[in-house]
Amino acid sequence: MILFRNRTKLYEEVGMADVLRDTGLYKDAWRRLKRSPAALVAMGFIGFVVFLAIFGPYLTPHDPNLGNLMVRLKPPSATHWFGTDQLGRDVFSRVIAGTRISLFIGVVAELIALTIGVIMGTIAGFFGGWVDKLISRLIEILSSFPFLLFALAIMMVLGPGIINIFIAIGLLSWTNVARLIRGQVMRLKTSEYVMAARAAGANELSIIFKHLIPNCMSTIIVILTMDIPGAIMTETFFSYIGMGVRPPHASWGKMLSESRMYMRTAPTYSIFSGLLLMLTVLAFNTFGDALRDALDPRLKNK
Amino acid sequence: MLKYAMERILQSSLVLLGVTLITFILLNVVPGDPVLIMLDQRADQLTIDRVRHELGIDRPLPTQYFEFLKNAVRGDLGTSFFKKRPVTELLSSAFGATAKLGLMTLAVSLCMSIPMGILAAVFRGSIIDRAIMFLAMLFMSLPSLWLAMVFQLIFGVFLAALPISGSETMRHYILPVAILAIGYAGGASRLIRNNVIDSLGHDFVTTARSKGVPEFFVVMQHVLKNAAIPIVTLIGIQLRSVLGGAMIIETIFSMHGLGRLAIDAINTRDMPLIQGNVVYTATVFVVINLVVDLVYGLLDPRVRLAGGES
Amino acid sequence: MHENTLLEVNNLRTHFFLEKGVLKAIDGISFRVAKGETLALVGESGCGKSLTAASIMGLVPSPGKVVDGEILLNGEDLLQKTQKEMRQVRGSRITMIFQEPMTALNPVFTIGWQIMEPLRYHRKDLTKAEAKERAIELLDLLRIPLPRQRFHEYPHQLSGGMRQRVLIAMALACDPDLLICDEPTTALDVTVQAQILDLLLEIKEKLGTSIIMITHDLGVVREIADRVAIMYAGKIVEENSTHEVFNQPRHPYTEALLNSVPRIVQGERQEELYQIPGMVPNLLKTHQGCLFAPRCDYAKELCFGVTPEEHLVLGGLVACRRYSEEVDLRELN
């Protein structure tokens, strides 16, 4: 009876300790994040882009996919704020519509990569032995491929389209996440509180979900923020060489590649999608960087 | 060191085996019939059968794989279906441009990022540090595709100072190298800064200062030699990613490199050429990794003298 | 200035300028080290003893700064020297060894290279071969077996004790006048500790080097020091010969320190160890009176109001109100 009570108590304490640590960690991180003006501006911009992506269809003054051949390649004007494209479509509306697709692709592709990476990394780090060896080899092999070329080959086999972009990016870019999570899980596995939970009789699944994954959360958030720009840029490239979104839909990459032909005659055409792409990437990079410093103060103090 | 090197070489060969297997599965097994991808739906059954036989894919898959492997070891990656020339020949003629582009990019980006990283680290927290880090972040965030278009417009069209297509003379390389190097210098200078800061915090730096070593040599000898170890890894990663990522730039600037060859192959659905290109580039990657690991071993006495473990 | 004095520190103040305010980490300390003498600086962590060493070396980390005082080495004020002049003092006339022999050596250079490094900057008259001979001689002096072979090895190939010997060899390379040892034995095994202390004693005999030994370990003090200075919260509270300090501790803090060390007496089990009540004061705040008063068993109302002056006692100094009378008594006799 005494044993039983101790065990529950110990387990409660271990569980509690985690909860305390977590709230403290995130509150602390937020406090540190607030002190960086660059991070706040970046966060604001990301919020703005997300807003555009969600409410885009209600904000576009013209139908982004409907052209008027009478007003082809016009410079910015009162009716067409960013001018018109080669089919007389409103560039402003298309940039907003493209935001939705580009951001969606970036986030979803990265979430897929993250999910695979976290699962693989946790399995490898937690179980070790031959499972770890197998997964580590797979990671090594996959990261030996030239990323874009291999992704293109996958796209060629599967055909163009958004879903296939997800598969191509997701299948290839989980390796970095897995490597990081594996290392972290291996370290956490031998930490005192996991030992304590183990000694208290917690089973492996509950250790993984209650202790290991929550503790990797800050790493996961940072990776997500920092890798989204990469995925967005990959989409840009796919669309550029005609492997991405199908016409007439707009994405930033698609617009960039279409505008290339008209750089001399309508230089403003390419500016806006490129600018928004650059600012979004800059915002994600800046925010991710600040987030990492905020969540892992040890890194900064060094 | 010898044991360490042997182990690395063995590991690399295993990775290469995995690379060929996955490529083979992707291009030959996943689509069901690769010939259908190559020929579209229009081809009649007779043509399909002829091409099948030509490519040797009417034989069982394991036989095909071993045949492919056997030939690959001999340096034969098959014949381009579209260009009717040996894949190896096409690849090696394109490799020159890509390698030149890659090495020049690496050199330029290191020339930018090493001083930037060291300066930022030494003056950590100051206005210099902040300015350099903002610049680095900006460099990292510039989409190379867009930057290439803007540079072409400015330098090629408005100023008419530099050629914007082809890879014949060194002048053709200026814009592509500049665009790629800017992108890589951003990430690299941040990494170098962090490594130098990391090394500056070590006790041996205090020891060196207490010996009366001038600050310049503290940074250039004690700190940099320690920070050099991760920088070697960085060089490897960069070289790999330039070789792999040069695709975008090669296409935009119509350079005759591996990346452009790959995109041509994909556009014409030239399976043997795609397969060869993936395996070839992956081999180059693996070799770069191997070299990085070996140099790493040479730089770090703890690895060099430890023998086996990695 | 005494003829025999090597180092004289007068009224040294080193402060840290933080966002939250000024941290008076060292607040007006004075002491002397005679030629060939070993002075131990003793105190709890955070009392400013390591920072004293950094101040002497001219290596106070930012945002810290020496704001006042004099550090006289053979009568020359080190605080008046330029960066460049200070660099010529560091590593040749004053050298230092550190607590963590595992990390104080640079992992990517051979120990030979690292021992020769100070010679390269301070003894430009030596050729490379001569410098190498000197390094091997030093390794030999520190009883490092197979010095010629060790010369080419890297730090990770040596044990902690051996690395500490290498660090000492490095510090002795240019025949310094003063060797500062910052907790040199704390990170080592007990048996190795004893060997290192014996070596230091031997060096002192042989070379006549003055030593400042920074430590919190009173056992080490007893073993090696001629004189002891006890630091508390950035001030020296008592300074005297080792014998006096151990046999007749005058400052209540010294007494408390000595009482909190376990003593092994045969056949007897010691009663509970003495614990000093309370906590070290926060040096960011301005304090009135004696800094130790809140933790002191002898504290009177007066102690909280008036900063104690230093009083001369037999053989040394003590900064405690209780000794104002002793001086008076002695003067009367």
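FYI, it's all coordinate maths here, none of it is from the lab. Computed from a predicted model, the values in this text were never measured in an experiment. Heads up, the Cβs are rebuilt from the backbone with ideal geometry, glycines too, and the neighbour counts pull from every protein chain shown.
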>> Inside 10 Å of the C-beta atoms of B:199-209, what's the mean count of C-beta atoms belonging to other chains?
In response: 6
> Once you wrap a convex hull around the alpha carbon atoms of segment C:107-175, what is its projected area averaged over all directions, in nm²?
Replying inline: 4.1
>> Can you give me the distance in nm between label points at A:Lys27 and C:Thr82, each placed 7 Å from the Cα along the Cα-to-Cβ direction?
In response: 5.4
>> Suppose we flag trypsin sites (Lys or Arg not before Pro) only when DSSP calls them loop and at most 14 other Cβ atoms lie within 10 Å. Which is the longest uninterrupted stretch of chain C?
In response: C:144-262
> How many angstrom lie between the C-alpha centres of segment B:185-202 and segment C:139-196?
Replying inline: 31
> Based only on Cα atoms, what Rg/Rh ratio does segment B:95-172 have, Rh being taken as Kirkwood's radius?
Replying inline: 1.07
>> To make sure I understand, if each residue's beta carbon is the centre and we count other beta carbons within 10 Å, what order do C:Trp113, A:Trp30, A:Trp130 fall in, fewest to most?
In response: A:Trp130, A:Trp30, C:Trp113
> Three principal axis extents, largest first, for the C-alpha atoms of segment A:76-198, in Å?
Replying inline: 67, 35, 18
>> Taking only the Cα atoms of chain C, how large is their convex hull per residue, in Å³?
In response: 167
> Which is farthest toward the positive dipole end of the protein assembly as shown among A:Met195, A:Gly161, C:Gly315, measuring Cα position about the Cα centre, with Cβ charges +1 (Lys, Arg) and -1 (Asp, Glu)?
Replying inline: A:Gly161
> Roughly how many Å is it from the Cα centre of segment B:72-115 to that of segment B:233-273, as a whole number?
Replying inline: 8
> Which semi-axes, in whole Å and largest first, does the equivalent ellipsoid of segment C:210-257 have when worked out from the alpha carbon gyration tensor as the square roots of 5 times its eigenvalues?
Replying inline: 16, 13, 10
>> Taking a virtual spin label 7 Å from the Cα of A:Thr115 along the C-beta vector, which residues in segment A:230-251 bring their backbone nitrogen under 19 Å of it?
In response: A:231-232
> Per-residue mean of other chain beta-carbon atoms within 10 angstrom of the beta-carbon, peptide B:284-290?
Replying inline: 2
> Residue by residue through segment C:16-29, which ³J(HN,Hα) values in whole Hz follow from phi under the Karplus form 6.51 cos²θ - 1.76 cosθ + 1.60 (θ = phi - 60°), with glycine and proline marked x?
Replying inline: 10, 9, 9, 4, 7, x, 9, 9, 8, 5, 10, 10, x, 10
> Which parts of segment A:37-63 would a label at B:Ile127 reach, counting a residue when its backbone N lies under 20 Å from a point 7 Å out along Cα-to-Cβ?
Replying inline: A:37-38
> Which values of log₁₀ I(q)/I(0), to two decimal places, follow from the Debye formula for segment B:87-306 at q = 0.11, 0.18 Å⁻¹ with a uniform point scatterer at every Cα?
Replying inline: -0.64, -1.24
> Among residues other than B:Lys211 whose Cβ falls under 10 Å from its Cβ, what is the net charge (Lys/Arg +1, Asp/Glu -1)?
Replying inline: +3
> Taking H as built 1.01 Å from N, whose amide H comes closer than 5 Å to the amide H of A:Gly244, not counting residues under 5 places away?
Replying inline: A:Ser239
>> Charges on Cβ only, +1 for Lys and Arg, -1 for Asp and Glu, centred on the Cα centroid of segment C:175-295; of C:Leu284, C:Asn247, C:Val228, which one is farthest towards the dipole's positive end?
In response: C:Leu284
>> Using each residue's phi in segment C:170-178, evaluate 6.51 cos²θ - 1.76 cosθ + 1.60 at θ = phi - 60° and report the 3J(HN,Hα) Karplus result to the nearest Hz, with x for Gly and Pro.
In response: 4, 5, 8, 3, 9, 6, x, 7, 9
> Residues with beta-carbon under 13 Å from that of C:Leu18, excluding C:Leu18: net charge, scoring Lys, Arg +1 and Asp, Glu -1?
Replying inline: +3
> What list of ³J(HN,Hα) couplings, whole Hz, do you get for segment B:164-172 from phi and the Karplus terms 6.51, -1.76, 1.60, once you set θ to phi - 60° and write x for glycine and proline?
Replying inline: 10, 8, x, 9, 6, 10, 4, 4, 5
> Arranged from highest to lowest average of other beta-carbon atoms within 10 Å per residue, in what order do the peptides A:161-170, B:83-92 appear?
Replying inline: A:161-170, B:83-92
> Any idea which of B:His222, B:Thr47, B:Val15 is furthest toward the positive side of the dipole for chain B, if Lys and Arg beta-carbons carry +1 and Asp and Glu beta-carbons -1?
Replying inline: B:His222
> Where does segment C:123-278 land on the Kirkwood hydrodynamic radius, alpha-carbon pairs, in angstrom?
Replying inline: 18.0
> In a shell of Cβ-Cβ distance under 15 Å around C:Thr286, excluding C:Thr286 itself, what net charge do Lys and Arg (+1) and Asp and Glu (-1) give?
Replying inline: +4
>> If I take R0 = 25 Å and measure r between the Cβ atoms of A:Ser191 and A:Val107 in this structure, what FRET efficiency does the formula 1/(1 + (r/R0)^6) give, to the nearest 0.05?
In response: 0.20
>> Compute the distance from the alpha-carbon center of segment C:67-109 to that of segment A:79-150, in whole Å.
In response: 54
>> Could you compute Rg(Cα) / (2.2 N^0.38 Å) for segment A:52-123, with N its residue count?
In response: 1.57
> Going down the list C:Lys84/C:Lys204; A:Lys34/A:Lys133; A:Lys34/C:Lys235; A:Lys34/A:Lys254; B:Lys211/C:Lys65; C:Lys204/C:Lys235, which pairs span over 31 Å between their C-alpha atoms?
Replying inline: A:Lys34/A:Lys133; A:Lys34/C:Lys235; A:Lys34/A:Lys254
> Expressed in nm², what is the orientationally averaged projection area of the convex hull enclosing the Cα positions of the protein assembly as shown?
Replying inline: 53.0
> Tell me, what is a quarter of the convex hull surface for the C-alpha atoms of segment B:233-292, in nm² with one decimal?
Replying inline: 4.0
> Taking segment B:115-243 as the region of interest, what is the percent of Cα-Cα pairs per 5 angstrom bin, listed from the shortest bin to the one with the maximum distance?
Replying inline: 2, 10, 16, 16, 15, 13, 10, 8, 5, 3, 2, 0
>> Please compute the Kirkwood hydrodynamic radius of segment C:12-91 from all pairs of different C-alpha atoms, in Å with one decimal.
In response: 13.6
> Taking only the alpha carbons of segment C:187-234, what extent do you get along each of the three principal axes, in Å, biggest first?
Replying inline: 34, 27, 15
> Rg and Dmax of segment B:71-135, Cα atoms, in Å?
Replying inline: 21.5, 60
> Quick one: Cα convex hull volume of chain A, Å³ per residue?
Replying inline: 163
> In deg cm²/dmol and to the nearest 500, what is the mean residue ellipticity at 222 nm of the protein assembly as shown if only DSSP H runs of at least 4 residues count, each as -39500 (n - 2.57), divided by the residue total?
Replying inline: -19500 deg cm²/dmol
>> Less than 18 Å apart at the alpha-carbon level, and either on another chain or at least 8 residues along: which lysines does that give for A:Lys210?
In response: A:Lys9, A:Lys189
